[in-house]
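> Mind looking over this structure? Questions follow.
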Number of protein chains: 2
Amino acid sequence: MRLDHRRQRDARITTHVCLTARALGASGVFLGGDQDEKVMGNVRDVVKRWGGDFTVEYRKGWENLMEDWKNRGEIIHLTMYGEPVQDVVKNIQRSTKDKLVMVGGSRVPRKVYQEADWNVAVTSQPHSEVSSLALFLHHLFDGKELEFEFEDGELQVIPSAKGKTVIKHERKDTLL
Amino acid sequence: MRLDHRRQRDARITTHVCLTARALGASGVFLGGDQDEKVMGNVRDVVKRWGGDFTVEYRKGWENLMEDWKNRGEIIHLTMYGEPVQDVVKNIQRSTKDKLVMVGGSRVPRKVYQEADWNVAVTSQPHSEVSSLALFLHHLFDGKELEFEFEDGELQVIPSAKGKTVIKHERKDTLL
């Protein structure tokens, strides 16, 4: 969940948060704050072109979401004030339940810190919710997220030492 | 090096690129594209408050920088079209020379792909230069970047399971 999205200021950062979540193995994203159809449309467009399943949902009330999630699994809040990811990730991995990862937001309410099962820091230095999310998912998935395959995309990159190689697959629209 | 910064569009993403570079162990950043004193000032302000050494320089010409760097060490260009980071990082680590890491830029010139020693992909999916840089540095430094300490900062976070703990150090201004 991306907390407190502001349409003017955060459009690109929020888009990068969503795409990072998708590329590194999350199953979907909830957007809080301003309801920004443009950002959500851009992310859904990437899903359509590049494949895989990834859900994009607007959630005005993060409090309800946190409340609901308590019955479903763990809540991890990423913050530079939390416990080092490298120290706590093994404990977080022990539960096989669903994980809700929350990222700020310029001002994250105190309640998020209190209600989260884990407040996790990717270094205690200021940097970015995008890099924090990337490194948290990398730790959570033990590097396996880098091998993740996305099915049914229109576009696929073939890794290359120099230059760009992209395969464009035929659209598999059914004609039934 | 952050290529092709555009003042209007990229201010926050470029700031996140710079802060990610700093937090995860890079020694400095070169900014290309628009000369943006505000972004550079914001990053320098973080260095002043949070400590450590980190240089911020404007470089109009990335071509000169690449040329110069060939005598100094390796050039790594991060791109979703490159070779998987997990496959090539061991080879990159073999050289103890300085590393120049380049990130785009909406349109990276073909010459960057050709002149770079390595074109490296953090997944072959579209996401973010911020998350790509974070995961590349994490691989390059084998996770040691998470333990890096920043000296002489005014502010220091003490990791905490709930809430925020920040120590404010006395400024050590000399009176000589």
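> In Å², and per residue, what accessible area does segment B:47-105 have when probed at 1.4 Å with the other protein chains present?
Dividing the accessible area of segment B:47-105 by its residue count gives 52 Å².
> Pairs of alpha-carbon atoms within less than 8 angstrom and 6+ residues apart define the contacts here; what relative contact order does chain A have, in percent?
Relative contact order for chain A comes out at 26 percent.
> Considering protein heavy atoms only and a 1.4 Å probe radius, which residues within segment B:9-49 exhibit an accessible-area decrease of no less than 50 Å² in the full assembly relative to the chain by itself?
When all protein chains are present, B:Arg12, B:Ile13, B:His16 each give up 50 Å² or more of accessible surface.
> What trypsin sites (Lys or Arg not before Pro) in segment B:116-175 are in a loop by DSSP, with at most 11 other Cβ atoms within 10 Å of the Cβ?
Listed in order of number, the matching sites are B:Arg171, B:Lys172.
> I would also like to ask the following. Share of the protein assembly as shown's accessible area from carbon and sulfur, percent, 1.4 Å?
Here it works out to 46 percent.
> Now a separate question. Report the per residue volume, in Å³, of the convex hull enclosing the C-alpha atoms of segment B:1-145. List each step's numbers first, then the result.
On the way: hull volume 15.0 nm³, N = 145.
It is 103 Å³ per residue.
> Explain nothing, just the number: dipole magnitude of the protein assembly as shown about its Cα centre with +1 on each Lys and Arg Cβ and -1 on each Asp and Glu Cβ, in debye rounded to the nearest 20.
Magnitude of the dipole: close to 660 debye.
> Another question, then. Give me a single rounded figure for B:113-122: the average over its residues of other chain Cβ atoms within 10 Å of their Cβ.
Counting other chains' Cβ atoms within 10 Å and averaging over B:113-122 gives 3.
> Would you list which lysines come within 20 Å of A:Lys111, measuring only between C-alpha atoms, while excluding same-chain residues fewer than 8 positions from it?
A:Lys60, A:Lys70, A:Lys99, B:Lys162, B:Lys164
> Excluding ligands, DNA and RNA, what is the accessible area buried between chains B and A, summed over both sides, using a 1.4 Å probe, to the nearest 100 Å²?
Approximately 4400 Å² gets buried when B meets A.
> Taking the Cβ of A:His77 as the centre, find all other residues whose Cβ is under 9 Å away and add up their charges (Lys, Arg: +1; Asp, Glu: -1).
Working: positive: none; negative: A:Glu115, A:Asp117.
My count for the surroundings of A:His77 gives -2.
> Another question, then. What 222 nm value per residue comes from the helices of chain B, counting each DSSP H run with n ≥ 4 as -39,500 (n - 2.57) and dividing by all residues, nearest 500 deg cm²/dmol?
-11500 deg cm²/dmol
> Give, rounded to the nearest 20 debye, the magnitude of the charge dipole that segment A:45-176 has about its Cα centre when Lys and Arg contribute +1 at Cβ and Asp and Glu contribute -1 at Cβ.
Dipole about the Cα centre, nearest 20: 280 debye.
> Only four residue types carry charge here, +1 at the Cβ of Lys and Arg and -1 at the Cβ of Asp and Glu. Report the dipole size of segment B:76-115 about the Cα centre in Debye, rounded to the nearest 20.
With only Lys, Arg, Asp and Glu charged at Cβ, the dipole is about 100 debye.
> Sticking with this structure for a sec: Can you list the residues of segment A:138-173 whose accessible area drops by at least 50 Å² going from the chain on its own to the full set of protein chains, with a 1.4 Å probe?
Buried by 50 Å² or more upon assembly, which counts only protein chains, are A:Leu146, A:Val157, A:Pro159, A:Ala161, A:Lys162, A:Lys164.
> Here's something else I'd like to know. For segment A:1-97, what relative contact order do you get, as a whole percent, if you take Cα pairs closer than 8 Å and at least 6 residues apart?
25
> Please give the FRET efficiency for A:Tyr58 paired with A:Glu151, using the beta carbon to beta carbon distance and R0 = 22 Å, rounded to the nearest 0.05.
0.30
The values are calculated or read from the model by the stated rules, or taken from the named source; none is laboratory data. Please read all numbers here as calculations on a predicted model, not as lab measurements. Every residue, glycine among them, receives a Cβ derived from its backbone with ideal geometry; neighbour counts consider all protein chains shown. Please note that ligands, DNA and RNA were not included when accessible areas were found on the heavy atoms of the full protein model with its side chains. Shrake-Rupley method; radii C 1.70, N 1.55, O 1.52, S 1.80 Å.
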